[in-house]
1. So if I place +1 on the C-beta of Lys and Arg and -1 on the C-beta of Asp and Glu, and nothing else carries charge, what would the dipole magnitude of the protein assembly as shown be about its Cα centre? I want it in debye, nearest 20.
2. Using modelled backbone amide H atoms (1.01 Å from N, in-plane), which distant-in-sequence or interchain residues come within less than 5 Å of A:F152's amide H?
3. Show the residues, 5+ positions off or on another chain, whose built amide H is closer than 5 Å to the amide H of A:G219.
4. Of the residues B:A47, B:A12, B:A21, which exhibits the maximal mean-square fluctuation in a Gaussian network model of chain B defined by a 10 Å Cα contact cut-off?
5. Who wins for biggest fluctuation among A:E28, A:E174, A:E83 in a Gaussian network model of chain A, springs between alpha carbons below 10 Å?
6. Say we join alpha carbon atoms closer than 10 Å with springs in a Gaussian network model of chain A; which of A:K129, A:K82, A:K94 then has the biggest fluctuation?
7. Report, in whole Å, the centroid distance computed from the Cα atoms of the stretch B:62-121 and the stretch A:1-74.
8. If you look for lysine pairs in chain A that are eight or more places apart or on different chains, how many of them have Cα atoms under 17 Å apart?
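What follows is calculated from the coordinates using simple rules that are stated; it is not laboratory data. Bear in mind that the values here come from a model prediction, so they are computed numbers and not experimental data. Neighbour counts run over all protein chains shown; Cβ positions are idealised from the backbone, glycine included.
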Amino acid sequence: MTAVVEVRDLTKHYGKVHAVDGVSFQLEENRITGLLGRNGAGKTTLMSLLTAQEFASSGSIEVFGASPLENAAVLQQLCFIKESQKYPDDFKVKHVLRTAPWFFPHWDQRFADRLVTEFRLPLDGRMKKISRGQFSAVGVVVGLASRAPLTFFDEPYLGLDAVARQLFYDRLLEDYAEHPRTVVLSTHLIDEVSDLLEHVLVIDSGKLLVDSAADELRGSAATVVGGREAVDRFVGTREVLHRDGIGGLASVTVAGLDDAERAAARSAGLELGQVSLQQLVVRLTSGTATDFTEELSA
Amino acid sequence: MDESRPIFQQIAERIENDIIAGTLPEETQVPSTNEFAAFLRINPATAGKGVGLLVEAGILYKKRGIGMFVAAGARDRLLAERRDRFRDQYVAPLLAEARKLGITSRDVVALITDTQKENDS
């Protein structure tokens, strides 16, 4: 596996705010990676840094083996679909689609045309006037048809209805299967995309909390439910991610249980609940369990 | 998809189930990784990992340039494996629950026989 992105000790601060704080990671080639985290966690800043739309305060970034700053050879391999993309005032949908091929050497016009039909985009609609959903769909079309070797989608679904979001996920998977490339998907709708992701980065307050294969995160936490005493006895000194309780009942989310531990919990009369990727991220980033990452990487 | 287990394992199990059920007979071609991915809406790499698991186990084999096929004898081997697991996965928990409710092993056997009769009639 080769890394298309290599980030070392990257920091970006605006005044006293550390939007990205000492982050290091690699993105392997031809993977779909989920960049997950709360609003203001630093996801957009991180992607802006990788695409040379912002300058780093410190640290290093290599994209396709070189710094992306003012580097046309690197930048033409990138596509960054931003939630708040700005277009010239009088631009219509067709103008966006007509200019996109100038920036993306791998642009596929037939694919773009097909997507325009499927997303029912009005070609003569002005970018300023069309609905939020249609605006997002234009970004999705450009991001997919660009076939850029490294494509970033920053919450590309705002205003898209469930049908259009599913269409986006389906076309992304389909086209990715035929034309493998590196995709970074930043999203809040974790449950919707969790099956599409091969790798997951979780960022919170500018710091990287999780850098792990999606399949490793599945089953890396479980919820143990039962009588308070029995639960406490089972949990013992384990890392607790979350604790709930009512009366004599307790529900505790703990890190990684293997098969033997699961069996032990069941024979102690405890029920085991699943923790989805979304719940895991919520519990990791709700500010109570910062030590959990050590548990995961152990 | 079950959230608590890796998807690639679940993919492998699905294919195994189809082989056991006879939907995928031996020496027939299984869908491609990309077809699995599109149908189940999962990452193609994950689907590939699930298929890879079965290739390693000798359940599937690759014909160069054509695709994946079910190996001869795959069904019998899977059945043998599943029978071994049946005890741990079904019989042991059944007896544990019975003990909790004060149902003796003999009663359990009687219950099984009765249920079987009802189902047959």
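1. Details: 48 positive and 59 negative charges, 180 e Å.
Approximately 860 debye in magnitude.
2. A:C79, A:F80, A:I81, A:V184
3. A:V275
4. Answer for the Gaussian network model of chain B: B:A21.
5. Greatest mean-square fluctuation among the candidates belongs to A:E174.
6. In this elastic network of chain A, the residue with the biggest mean-square fluctuation among A:K129, A:K82, A:K94 is A:K129.
7. Between the Cα centre of the stretch B:62-121 and that of the stretch A:1-74, the gap is 51 Å.
8. Counting lysine pairs in chain A gives 13.
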